[in-house]
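Report on the following structure.
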Amino acid sequence: MSQVQGREIEPDGTRPVMTADERAELERLRLENAELRSRPRPPTRRIRWRSVFAVVLLVLGCALAPVALVATWARDELSNTDRFVQTVRPLVADPAVQGALTNRITTTIFEHVDVQALANDAITALAAQGLPPPIVQRLEVFTPSLATATTGFVRDKVGQVVASPQFAAAWDQAVRVAHQQAVTVLSGNSQSVVVRGDTVYLDLAPFIDVAKQRLSADGITAVNLVPEVHPTIAITPADQLVRAQTAYNVLGSLATVLPWISLLLLAVGVYLARVRMRAVIGAALGVAVALVVLAAALLVVRGLLVSAVPQAGAPAAASAFDIIVRFLRDSGRALIVLALVVALGAFLAGSSATAVGIRRWATGLLHRIRGGPSATGPVSTWVRPRIRGLRIAAVAVAALVFVFLDRPTGVTIVAIAAGLLVVLGLIEFLGRGEEPAAAPAPPPAVG
């Protein structure tokens, strides 16, 4: 063997000879490699399609919840005249809306009654009867002030009319008639749709008549010169009416089934989930989040509506929007509270360490109240093996009770939640008793 830089090489000159340490290291690496190869490989995680399908159904059910709420609210408001009148009745009592109506009615009156021209005509007639010219000139100076004062007086009187019970009754009647006509229009059965150009208008003639009667009774007989007029307020572009008709027909078809579709998707998703209580919690929280998104969307729509109208009409538009959607907001808030209650109930009925600890604490408290841990009666014996199913049934019944209520209030939600907690506590009370200890075996006989 020859040497290269202190290392021995094979006779053929191909590679250096390994030292003893290098051979030992190589052997150790070979042994480690063989050991790693001999170890069983971890099983490949398989996709659980049932769980994936459950998640998809739960997401769809949560996403449909706010859509079903909006569809039901819109169907009720559009198809039920009494409910719509109840919804918009507070509009006429809102100061911003009253101000807008007062300005519009006053402007309409003075479009047909020129106070300054009437005063000038009266002065001219007096001059023709021999009134001295200096007095005529002084009277002509006061005609603009007289017109301004009359306008302010009429505006105040119109404001009183708008705030009167008679005007509110006329408002209800006008809204009722308009809604009945709107239902006819939206359903496609109207033969007299009020459309001018590309805009739909609301006729203010009934309000003008009420204002004329009140002003005439107060001595301002000049309003009798106002002919039968039909001033209008633009409601919506005509192309939006076509879209509204389509939406009305679609909502009428879907509002009845959408809530049930959402509930069915959530129920099937929970049934297919591996951990059902966890799925119930996720579904309830998902519905709550979806409804919060709906509330945020309403705020965005409100902002867009207010920014689209002139600045003078912005307060009235904002008030009108808030009043019209108040039942939708109330229903959304009630559903959020119910979803959170269901999530809390499902969490307390679950198998997490926190839930188990809370249930044990509650069970111990109940045991102390009743004076002992044993529960050996026939009811407790029947409840104990079915305790998990009874929890799920209690939560489901609470949800169904809420669904079948018409516009539940916050007090109703609190009552449902309290009832659910009482039922869950009763289930724990009956089903968590300990089995009686077995009698000790007799000692073996001696002898």
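Just a few scattered comments:
- Multiplying the residue separation of Val177 and Asp330 by 0.36 nm and subtracting their alpha-carbon distance yields 52.4 nm.
- For the pair His230 and Tyr271 in one chain, pulling the backbone fully straight at 0.36 nm per residue adds 8.7 nm over the alpha carbon distance.
- Contour minus Cα-Cα distance for Val85 and Arg50 (0.36 nm per residue): 7.8 nm
- FRET efficiency for the pair Ala295 and Val356, taken as 1/(1 + (r/R0)^6) with r the Cβ-Cβ distance and R0 = 41 Å, rounds to 0.75.
- Burial ranking of peptide ranges 270-283, 217-230, 317-330 (average Cβ count within 10 Å, highest at the top): 270-283, 317-330, 217-230
- For peptides 297-308, 25-36, sequence by mean Cβ density within 10 Å, most packed first: 297-308, 25-36
- Within-14-Å neighbourhood charge of Asp172 [Cβ basis; K, R +1; D, E -1]: +2
- Simple label model, 7 Å out from Cα along Cβ direction - Asn103 to Leu304, nm: 2.5
Laboratory data are not the source of any read-out in this text; all were calculated from the coordinates shown. The shown structure was predicted, so the numbers you read here are calculated from the model rather than taken from an experiment. Positions of Cβ are backbone-derived with ideal geometry, glycine not excepted, and every protein chain shown enters the neighbour counts.
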